[in-house]
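Notes follow the structure.
The values are calculated or read from the model by the stated rules, or taken from the named source; none is laboratory data. Keep in mind it's a predicted model, so treat the numbers as computed, not measured. Here Cβ is always computed from backbone atoms with ideal geometry, including for glycine, and neighbour counts include all displayed protein chains. All accessible areas refer to the heavy atoms of the entire protein, side chains included, with ligands and DNA or RNA removed. Shrake-Rupley method; radii C 1.70, N 1.55, O 1.52, S 1.80 Å.
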Amino acid sequence: MKRRDFFKLIGTGAAAAVLAPSVSRAAALPLSQAKWRGYQLTYQITLPAAGKVAKLWLPLPDTNDTVYQFTQGNNWSGKATASAFYMLPGTASPVFFATWQKGEERTVKVSSIVKTAHRAVDLSFYQAPVKASIPQNIQRYLQPTKQVPLDNAVKKLAHSITSQANAHTPLQQARAVYDWIIDNVTYDNNVRGQGRGDIRSMLSGENFSGKCADIHSLFVGLARASGIPARIQYGIRIGESSLNKNLGKSGDVSTSQHCQAEFYLAGLGWVPVDPSDVARVMTLESLPGNHDVISQLREKLFGSWEMNWVAFNDGENVDLGKACAAGRLPFFLYPHAEIDGKQQDSLEPESFSYKITSATLVGTGAKL
């Protein structure tokens, strides 16, 4: 067992029980020449004492080792009637679960150690294979979902965008959708949380505004309607941004949840994009789309992620298990808690109550 795999299984506290071990993975990636940055991400949870039974679920950093992120472990402390680290079914996306009975102190602390490196894909020399095929495990990212339907409205808009841009190849079409979103969708800072990601309501009301979950769901829907596999990765910002002051911070990150998008190119793989952050800077700094800052950011975020951010999962309509009374969640981005089956407001950290903090680790430039 590798050292980081061992750390992933550590749990401390009363009644700790690991329901599922760290999933087996392919051989470790070779050491990257990229500069790795280490972070500690910590949840501090105190649930209200009301009711008979309280339950808690926390999304944790994805354990799929990639060239831009890997996790060295999760641990917890506190007291609970029962607790566990487990994986969302069919994924390498870990969850922390705990439950308490009436009269018990409902306080827990969960920490993760994660390393990230800047992610960039060079698209300048890309040529699609003569016989481009989509692997079977990628084809599900072409399918409609509850949040991302592929009805006539979506298909009609996608066709209009790519036709007007004279885009024929998947790369050209993805770029046309990306540019259209930046030019036509408004980042609305008044939306609660990171939005609902419901593109049907956006299209039916022609209300092209929202936050990252809304904007990236629209990107994914338009890409899939164009025959391009696409998905959202849900996570949280954990460090300062070198691109723009509005795109990350460290310390208290309780409201720093953020999702990013990817599309798939045959023969190359997943390509990172973040049109939401371009729109975010335009709104927060009141800049026009042709401003130099926006033009540079537009080019930068088509094919790269800064990685002062960590991915949790790419789940849609997430099932947390039979113990969850809420049913399927549109996405699993925030702490989720229920008291006697009544869901707590995940978008109100103070009343929930939870605090999420991040801290940069010193001397963690090498990958173990």
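Do the conditions hold for E240, that is, is it touching a residue at least 12 places away in the same chain (Cβ under 8 Å), charged (D, E, K, R) and open to solvent by less than 50 Å² (accessible area, probe 1.4 Å)? Judged against the criteria, E240 is not a match. Just to be sure before I move on: is D292 closer than 17 Å to L243 by Cα and open to solvent by 10 Å² or more (accessible area, probe 1.4 Å) in the structure I sent? Considered against the rule, which asks whether it is closer than 17 Å to L243 by Cα and open to solvent by 10 Å² or more (accessible area, probe 1.4 Å), D292 comes out as yes. In the stretch 296-312, the count of residues that are in contact with a helix residue (DSSP H, G or I) (Cβ under 9 Å, 6 or more places away or on another chain), in contact (Cβ under 8 Å) with a residue 60 or more places away in the chain and under 15 Å from Q194 (Cα atoms) is zero.
Is there a residue being more than 19 Å from H258 (Cα to Cα) and either open to solvent by 10 Å² or more (accessible area, probe 1.4 Å) or over 13 Å from the mean Cα position of the chain (by Cα) (or both) anywhere in the stretch 191-201?
Yes, the stretch 191-201 contains a residue that is more than 19 Å from H258 (Cα to Cα) and either open to solvent by 10 Å² or more (accessible area, probe 1.4 Å) or over 13 Å from the mean Cα position of the chain (by Cα) (or both).
Among residues of the stretch 211-237 being within 19 Å of D345 (Cβ to Cβ) and not in a helix (DSSP H, G or I), the one that is nearest to the chain's Cα centre (by Cα) is Y234.
Residue under question is I199, and the condition is that it be in contact with an Asp or Glu (Cβ under 8 Å, 6 or more places away or on another chain) and not acidic (D, E); does it hold? It is true that I199 is in contact with an Asp or Glu (Cβ under 8 Å, 6 or more places away or on another chain) and not acidic (D, E). When E316, E306 are checked against the criterion of being of a type in the set (D, E, K, R), under 14 Å from the mean Cα position of the chain (by Cα) and either open to solvent by 40 Å² or more (accessible area, probe 1.4 Å) or over 22 Å from D214 (Cβ atoms) (or both), a single residue qualifies: E316.
On inspection, T255 fails the criterion of being of a type in the set (V, I, T) and over 20 Å from the mean Cα position of the chain (by Cα). Looking only at residues of the stretch 128-142 that are touching a residue at least 12 places away in the same chain (Cβ under 8 Å) and open to solvent by 40 Å² or more (accessible area, probe 1.4 Å), we find that the one that is farthest from the chain's Cα centre (by Cα) is P129.
Do you know which residues across the stretch 143-160 are out of contact with any Asp or Glu (no Cβ under 9 Å at 6 or more places or on another chain) and either assigned to a loop (DSSP other than H, G, I, E, B) or open to solvent by less than 30 Å² (accessible area, probe 1.4 Å) (or both)? Matches in the stretch 143-160: Q143, P149, L150, D151, V154, A158. Of the residues in the stretch 249-271, none is open to solvent by 10 Å² or more (accessible area, probe 1.4 Å), within 30 Å of S163 (Cβ to Cβ) and of a type in the set (D, E, K, R). Of all residues in the stretch 176-190, those satisfying the criterion of being of a type outside the set (A, V, I, L, M, F, W, C), open to solvent by less than 50 Å² (accessible area, probe 1.4 Å) and either at pLDDT below 95 or in a helix (DSSP H, G or I) (or both) are Y178, D179. A Cβ distance below 7 Å, combined with a sequence gap of six or more or placement on separate chains, defines the contacts here; from the stretch 191-213, residues that are more than 23 Å from S160 (Cβ to Cβ) reach residues that are surrounded by 16 or more Cβ atoms within 10 Å (Cβ to Cβ) and among the aliphatic types (A, V, I, L, M) in the pairs Q194/A213; Q194/L333; G195/A213; R196/A213. Taken residue by residue, the stretch 21-36 has at least one member that is modelled with pLDDT of 50 or more and touching a strand residue (DSSP E or B) at 6+ places or on another chain (Cβ under 7 Å). Checking each residue in the stretch 204-224 for being open to solvent by 10 Å² or more (accessible area, probe 1.4 Å) and within 16 Å of D188 (Cβ to Cβ) picks out G205, E206, N207, F208, S209, K211, D214. What pairs can you find where one residue is in the stretch 166-187 and in contact (Cβ under 8 Å) with a residue 40 or more places away in the chain and farther than 18 Å from S217 by Cβ, the other is open to solvent by 30 Å² or more (accessible area, probe 1.4 Å) and in a helix (DSSP H, G or I), and their Cβ atoms are less than 7 Å apart, with a gap of 6+ or different chains? Taking only residues 6 or more apart or on different chains, not a single pair turns up.
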